[in-house]
Structure formats: C-alpha cells, structure tokens
Amino acid sequence: MIFDALKSAQSRNIDVLIADTAGRLHTQNNLMDELAKIKRVLAKIDPSAPHETMLVLDAGTGQNALSQASNFKQAIGVTGITLTKLDGTARGGMIFSVSESLQLPIRFIGVGESVEDLREFDSEEFVDALMSDIDSRDK
C-alpha cells in the first residue's frame, strides 16, 4: 500500500506523503518489523525516503515513553517527536528526558483534537505552561 501511495504522490508532484501507522506497540516485534518494511519499501522508490520519521507520544505515557521511543528509534530511525494530548491533565514533562536521551528534536505538540490544535513546539512557551500549571496546583 505504501508503495502505491508514494508512486501516486510522485506522479502528481505532491511534496508531502504522510503514512500514519498508529497503534504500533514497541513490544510487538511483528508490528515493529512491519514498520521497518515500510521504510525499506519507501527507500526502494526514493533512496532518501522517508525524509522525516515522526514518533507521536501521548503526554500521559510517563516514563515508559523513553523505552518506547528508544525501541522505535532503533527499529526505524525516528527523527522527531510530536507530543499529543496536552489538553487534559497530563503535563508531558517526560518529553525532555526522551528528547535529551535520544537526541531527538520535539517538532510539534497537540493541545486538542482539531488541526489548529497541532502546534509547532516552542520550548519557552511549553516550559512556561508547565510551570504555571505547577504553580496553580501549589496554591
């Protein structure tokens, strides 16, 4: 399926192709192998593909996020992180540990369910929001 999608995008001069592989668990080897296969198929068509391999992490994941990210990076070469579900009670502080440990940039954050709620990551804004949330809990 990814082969046809990339060929179709190329024939139409489309610059961006998003392959959403949601629902993969880092503990299920067969699913991780499928991700590696997707990457190999893309590289057969375009040796420089994929140009970005984004890992989407749920802000409520906690410290297990480091294990997840490490396994995905090893299997498919993750190049960036998107942190989602920051609209609830989760603060997502674990993202700094993941980013630093694996040397991965944080590209986007999701603060809701609409397209407008997906925002480019701004470290100062994120830390300010994180600290103001902590300050409000102390009062």
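The values are calculated or read from the model by the stated rules, or taken from the named source; none is laboratory data. Model, not experiment: these values are computed from the prediction. So basically every Cβ, Gly included, is an ideal-geometry build from the backbone, and we count neighbours across all protein chains shown.
Scanning segment 78-102 for residues that are closer than 24 Å to LEU42 by Cα and out of contact with any helix residue (DSSP H, G or I) (no Cβ under 7 Å at 6 or more places or on another chain) gives THR79, GLY80, THR82.
Screening THR61, THR89 for residues that are polar (S, T, N, Q), surrounded by fewer than 15 Cβ atoms within 10 Å (Cβ to Cβ), modelled with pLDDT under 90 and not assigned by TED's automatic domain parsing to the domain that holds LEU31 leaves exactly one candidate, THR89. Is it the case that THR84 is of a type in the set (Ser, Thr, Tyr), over 18 Å from ASP122 (Cα atoms) and touching a residue at least 12 places away in the same chain (Cβ under 8 Å)? No. Looking only at segment 36-52, decide whether some residue is surrounded by fewer than 17 Cβ atoms within 10 Å (Cβ to Cβ), under 19 Å from VAL16 (Cα atoms) and under 14 Å from the mean Cα position of the chain (by Cα). Within segment 36-52, one or more residues are surrounded by fewer than 17 Cβ atoms within 10 Å (Cβ to Cβ), under 19 Å from VAL16 (Cα atoms) and under 14 Å from the mean Cα position of the chain (by Cα).
Restricting attention to segment 3-17, does a residue exist that is closer than 25 Å to GLY112 by Cβ, surrounded by fewer than 11 Cβ atoms within 10 Å (Cβ to Cβ) and modelled with pLDDT under 90? No - not one qualifying residue is present in segment 3-17. Would it be correct to say that ASN30 is exposed (fewer than 12 other Cβ atoms within 10 Å of the Cβ), out of contact with any Cys (no Cβ under 9 Å at 6 or more places or on another chain) and part of a loop (DSSP other than H, G, I, E, B)? When the stated conditions are applied, ASN30 does not pass them. Please work out if ILE81 is surrounded by 15 or more Cβ atoms within 10 Å (Cβ to Cβ), in contact with a Pro (Cβ under 8 Å, 6 or more places away or on another chain) and modelled with pLDDT of 90 or more. Yes; evaluated as a whole, the condition is true for this residue. Cβ separations smaller than 7 Å between residues 6+ apart or across chains give the following pairs from segment 58-74 residues that are in contact (Cβ under 8 Å) with a residue 12 or more places away in the chain to residues that are part of a helix (DSSP H, G or I) and among the hydroxyl-bearing types (Ser, Thr, Tyr): LEU66/SER97; LEU66/SER101.
The sole residue among GLU100, GLU116, GLU120, GLU125 that is surrounded by fewer than 15 Cβ atoms within 10 Å (Cβ to Cβ) and touching a Phe, Trp or Tyr at 6+ places or on another chain (Cβ under 7 Å) is GLU120.
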